[in-house]
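The next block holds one structure in the form of C-alpha cells; read it before the comments.
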Amino acid sequence: MAIYRNVSISFWSDSKVIDDFTPEDKYFYLYLFTNPHTNLCGCYEISIKQMAGEMGYSRDTCERLIERFVSVHNVIRYSKKTKEVLLLNWHRYNWTSSEKFRKALVKEIAKIKEVDFRGYLETVLKNPDTDTVSIPYQYGRDTTVTVTDTVTDTVTVSDKGGLGGKEIVQKSNLAIPTKEKLLEFLRYREERKKPYTETSIRILVRDTFQQEQQHGTDAVVKLIDESMRNGWLGIFFDRLDRQQAQKINPHTQKLIDIGNWGKQFEQQNQYGGFPDDHPGTDGSISDQQIYSG
C-alpha cells in the first residue's frame, strides 16, 4: 500500500516562506516532510549522510541547511547524538483526533530516543491547542527557545551573557572589508525587522570566516552585497561553491578528487580511520582561528 504525506497548499502562500525561504530552502523543507523516513509523529531518525545521498547534496550543504532551519527559520530541531529530526509543525497538518490514530501515535512517540523531542511531542499530544512549548536547541546551541505552534509566529531566544552582534564581528579575524560588509548586512536585517540572535551571529561569523579562507575576501564581500541587493534575508554561501565548480574543467576536477583521496589515505594511515572518524581532522574551523585574544 502506498504511503502519502500531506503538504498544505498554504505552504506556497505563507508569508514566512515567501519572504524568507530560498528555492533551496523550499526544496529542503518539502524533503523533510515527504521523505521515506517520515512517520506518524513527525520525529524520525535520519543521518546527514542519508539526507545528502537522497537529495543529491554534499554533507556540508545539508549541515548548513539544518543550521539555517534551526536557528533562522526555527521550524525543526536536529539531534546529532541520536540522528533524529523533529518537525515542529508536523502535527498541524498530519495529526487527527481519531482514537485509533492517537493510540498508534503514542507508540511512535515512545520510540523517540531524544528525551527533549519526546517530551515536546507528549506535551503537544496532551495539549493540542497550546500556543507555545519550550524546547532547547539540539544542534550545538546553548540557548533556551520558546517555539510557537505556527510557521509565521515569532520566537523568543534567550542568550545569557556574551557579546553583542557588532562586538562578535569586530572581535573576529575576518578581513576588514568583510567585517564592514557583514556589519552592514546585520543592520540590513534589523531594518527588515529580522535581527539575528547572538547565537545566530556567531554561526554566521564562523561560516563567513570559513568561506573567506576558502574563496577569498572579494568573493565573500561580493556575495553579501548581492544578498542585500536581491532582498535576501540570508547569505547563501553554496553559491560560491557552485561558482567555483563551474570554473573547473572535468580533467582538473579529476586531479583534485585524486589529491583529496590521497590526503584521506594519509590520514587513514596516521589515525587508523578516515577524517570523519576523528574529531579535529576534518578541516573544521575552531573558535581560536576565528577570534583574536
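Backbone geometry of the stretch 175-190 corresponds, through the Karplus equation with coefficients 6.51, -1.76 and 1.60 at θ = phi - 60°, to 3J(HN,Hα) couplings of 5, 4, x, 5, 4, 4, 6, 5, 5, 4, 5, 5, 5, 4, 5, 5 Hz, x marking Gly and Pro. Stretched out straight at 0.36 nm per residue, the stretch from LYS111 to THR96 would grow longer than its current Cα-Cα span by 3.4 nm.
FRET efficiency for the pair ASP225 and LYS171, taken as 1/(1 + (r/R0)^6) with r the Cβ-Cβ distance and R0 = 25 Å, rounds to 0.65.
Other residues with beta-carbon under 12 Å from the beta-carbon of ILE76 carry, at +1 per Lys or Arg and -1 per Asp or Glu, a net charge of -1.
Amide H to amide H, with H built 1.01 Å from N, LYS113 comes under 5 Å of no residue 5 or more places away or on another chain.
Taking 0.36 nm per residue of sequence separation and subtracting the Cα-Cα distance, how much length would be gained by fully extending the chain between LYS26 and GLU191, in nm to one decimal? All intermediate terms of the calculation are to be shown ahead of the outcome.
On the way: separation 165, 0.36 × 165 = 59.40 nm, distance 2.43 nm.
Result for the pair: 57.0 nm of gain on full extension.
Annotation: amide H-H contacts under 5 Å for ILE46 (H modelled 1.01 Å from N, sequence separation of 5 or more, or interchain): GLU84, VAL85. For the set LYS83/LYS193; LYS83/LYS166; LYS83/LYS107; LYS83/LYS222, the pairs lying more than 25 angstrom apart at their alpha carbons are LYS83/LYS193; LYS83/LYS166; LYS83/LYS222. Using θ = phi - 60° in the Karplus curve 6.51 cos²θ - 1.76 cosθ + 1.60, the 3J(HN,Hα) couplings for the stretch 71-77 round to 8, 9, 7, 6, 10, 9, 9 Hz; x is entered for Gly and Pro. Annotation for LEU183 and GLN50: the two label points, set 7 Å from Cα along the Cα-Cβ direction, are 4.6 nm apart. Residue exposure proxy: TRP95, TRP12, ordered by other Cβ atoms within 10 angstrom of their Cβ from fewest to most, comes out as TRP12, TRP95.
Taking R0 as 41 Å, what FRET efficiency do you get between ASP60 and THR34 from their Cβ-Cβ distance, rounded to the nearest 0.05? Given R0 = 41 Å and the Cβ-Cβ separation, E is 0.95. Phi angles of the stretch 95-103 translate, via the Karplus equation with coefficients 6.51, -1.76, 1.60 and θ = phi - 60°, into HN-Hα couplings of 8, 10, 8, 4, 5, 5, 5, 5, 5 Hz per residue; Gly and Pro are given as x.
When VAL7, VAL75, VAL220 are ordered from fewest to most other Cβ atoms inside 10 Å of their Cβ, what list results? Let's see the in-between values first.
Values: VAL7 14, VAL75 22, VAL220 27.
Ordered from fewest to most neighbouring Cβ atoms within 10 Å, VAL7, VAL75, VAL220 come out as VAL7, VAL75, VAL220.
From least to most packed, judged by other beta carbons within 10 angstrom and beginning with the fewest, ILE176, ILE46 follow the order ILE176, ILE46. With both labels modelled 7 Å from their Cα along Cα-to-Cβ, the ARG242 to ASP19 distance reads 2.5 nm. With 23 Å as the limit, the listed pairs LYS81/LYS194; LYS49/LYS113; LYS26/LYS49 have LYS81/LYS194 beyond it between alpha carbons.
For the stretch 35-131, the ratio of Cα radius of gyration to the globular rule of thumb 2.2 N^0.38 Å stands at 1.11.
None of the figures in this text is laboratory data; all of them are computed from the coordinates on show. Please read all numbers here as calculations on a predicted model, not as lab measurements. As a convention, Cβ positions derive from the backbone with ideal geometry for all residues, glycine included, and neighbour counts pool all protein chains shown.
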